[in-house]
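A.B. asks: If you scroll down you'll find the structure; I have some questions about it.
The values are calculated or read from the model by the stated rules, or taken from the named source; none is laboratory data. Being a predicted model, the structure only gives us computed values, none of them experimental. Cβ atoms come from the backbone with ideal geometry, glycine included; neighbour counts cover every protein chain shown.
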């Protein structure tokens, strides 16, 4: 499943690059597995500043009085740091998507040379295991067939060794 997703993402990104080969400095945001070409703020630093219109197109997030929202999910921006997220230049409002990702603990990988920004699943969306650092319980037999559960070892250090044939 992951390989199919990765191949689809690469093919989509390649299609965007091919379509915009004339632009020497394209920016592509990959969010929820969908590649979207975006405009970036002139003279932007290493952060990704995009228009609020592109923010909605690429991520489905909208800036509202209560914060940055997508469907029923809203993240309030710290009042003392608002300038780190929103900047108005003339008639255009810019949003710092990379700084927002840090705020909501969303992993980001960027390829500055090719202008690609990939935003992964937020830590809170990963079943909470990374937040708590607690592995989900499971039960497996040992070589003699006796069942053992991970929860039997709670409170003690456990080394898990896994292997996959692929």
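A.B. asks: In the set 63, 50, which member is assigned to a strand (DSSP E or B), free of Cβ contacts under 8 Å to residues at least 40 places away in the same chain and surrounded by 16 or more Cβ atoms within 10 Å (Cβ to Cβ)?
C.D. replies: The unique qualifying residue is 63.
A.B. asks: Any idea which residue in region 121-135 is modelled with the highest pLDDT, counting only those that are in a loop (DSSP other than H, G, I, E, B) and in contact with a helix residue (DSSP H, G or I) (Cβ under 9 Å, 6 or more places away or on another chain)?
C.D. replies: 122
A.B. asks: Sticking with this one: Can you name the residue in region 74-94 that is under 21 Å from the mean Cα position of the chain (by Cα) and assigned to a strand (DSSP E or B) and is also nearest to residue 56 (Cα to Cα) among such residues?
C.D. replies: 94
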